[in-house]
1. Can you tell me which residue within segment 62-82, out of those that are surrounded by 21 or more Cβ atoms within 10 Å (Cβ to Cβ) and in a helix (DSSP H, G or I), is farthest from the chain's Cα centre (by Cα)?
2. When segment 3-25 is examined, which residues are found to be in a helix (DSSP H, G or I) and either on the phi > 0 side of the Ramachandran plot or of a type outside the set (A, V, I, L, M) (or both)?
3. Under the condition of being part of a loop (DSSP other than H, G, I, E, B) and among the β-branched types (Val, Ile, Thr), which residue from segment 154-211 is nearest to the chain's Cα centre (by Cα)?
4. Here is a check on your reading of the model: is Met201 among the hydrophobic types (A, V, I, L, M, F, W, C), surrounded by 15 or more Cβ atoms within 10 Å (Cβ to Cβ) and at pLDDT below 95?
5. Considering every residue within segment 141-153, establish whether at least one is without any contact (Cβ under 8 Å) to a residue 60 or more places away in the chain and over 30 Å from Ile242 (Cα atoms).
6. Could you look through segment 233-246, keep only residues that are of a type in the set (S, T, N, Q) and crowded, with 17+ Cβ neighbours inside 10 Å, and pick out the one that is nearest to Thr293 (Cα to Cα)?
7. Among the residues of segment 331-341, is any outside any helix (DSSP H, G or I), at pLDDT below 95 and surrounded by 15 or more Cβ atoms within 10 Å (Cβ to Cβ)?
8. Across segment 342-378, what is the total count of residues that are surrounded by fewer than 17 Cβ atoms within 10 Å (Cβ to Cβ), in contact with a helix residue (DSSP H, G or I) (Cβ under 6 Å, 6 or more places away or on another chain) and free of Cβ contacts under 8 Å to residues at least 40 places away in the same chain?
Amino acid sequence: MKKIAVLGSTGSIGTQTLEIVRYNKDIEVTALAAGRSVNRLEEQIREFKPKIACLWEKEKAKELKAAVADLDVKVVSGMEGLIEAATEESAEIVVTAVVGMIGIRPTIAAMEAGKDIALANKETLVTAGHIIMPLAKEKGVSILPVDSEHSAIFQSLQGAAGNKIHKILLTASGGPFRGYTREQMASVRLEDALKHPNWSMGHKITIDSSTMVNKGLEVMEAHWLFDVEMDQVQVVVQPASIIHSMVEYEDGAVIAQLGTPDMKLPIQYALYYPQRRYLPGGRLDFTKLKEITFDVPDMENFRGLKLAYEAGRRGGSLPTVFNAANEMAVGLFLDRKIPYLTITDMIEGAMEHHKVVDAPNVEQILESEREAYDFIKSTWKY
């Protein structure tokens, strides 16, 4: 019986992870953590019977504790509670599916406790890759990517036998505004940006995909996960989301992972690696697949991707500022407080304002995050 903890259990990745648990019946969930959804977490607790359950908000955690008083579960809250859930003694793998930089501390704590990480929290590597990857090596734990693109790269590297990567080809759908000019995007509404052509995801990541900021975060994540330079990661637009990413080796051979757009495949692969298990769902029918088309990403109109490369090349605390400014800007857009194009304006402004700290520790990373938030608040009146 494999034992796992799921951080972000009520979100898109978390709920799909629990679907896999439900289907396979040989995984025990020892800890669950969520943001503020008392009812959904209570339902999960009653079904999966974890030892620990965490809600980020203290008052919500009190409600949850009362609701599950008849069960043998410890209810905790806040960062301390999140770390307790991540380090639950019997868990072997921690699925880190929380959104945002709150994922850094529990991920580090889990690794220090000897847990393998099924990584779905981009911010952990984007902002603290220089801490996370050496720590994984030191502790002898595995970082198993859950993101569809990084899982595809990881799968394409199986059997590499130590051969060097020449280039990573990171695919992107292009989002709902592929081919748009900035003039056309000026009138984009929230409802338009939330309509991803291929994937069903949470609101924040869906907006990030529409701006291609998400792809920029993935480039930075791939840089750390696979030990390649930023410029060895090439973004390729593949609108159908059939090829999930590719690896080019030094001899010119390109190995790709293909499949239908289904996040349960990379989640299940991470949980059972290196074993592949049957997964119900759609299959590619190559007799009906007439063509797979490719394009070059438009970094002038989708400036988020261009800024991500700039942040990743410079490194230090600049990727944190890129990420933090985007988090705040997307939150404001979701609240209908700023226009769509202001998202990348805020990112660029925060990056230009920031004085980079090389190899920041966790406190300096979090301080850079606060600085980006303060800059946006003082510069934009919304």
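1. For segment 62-82, the residue satisfying everything is Leu64.
2. Residues satisfying the conditions are Ser12, Gly14, Thr15, Gln16, Thr17, Glu19, Arg22, Tyr23, Asn24.
3. This residue is Val188.
4. So Met201 passes the test.
5. Yes, segment 141-153 has at least one match.
6. The extreme case among them is Gln238.
7. no
8. The qualifying residues number 1.
The values are calculated or read from the model by the stated rules, or taken from the named source; none is laboratory data. The structure displayed is predicted, hence computed values, not measured ones. Backbone-built Cβ (ideal geometry, glycine too); neighbour counts: all protein chains shown.
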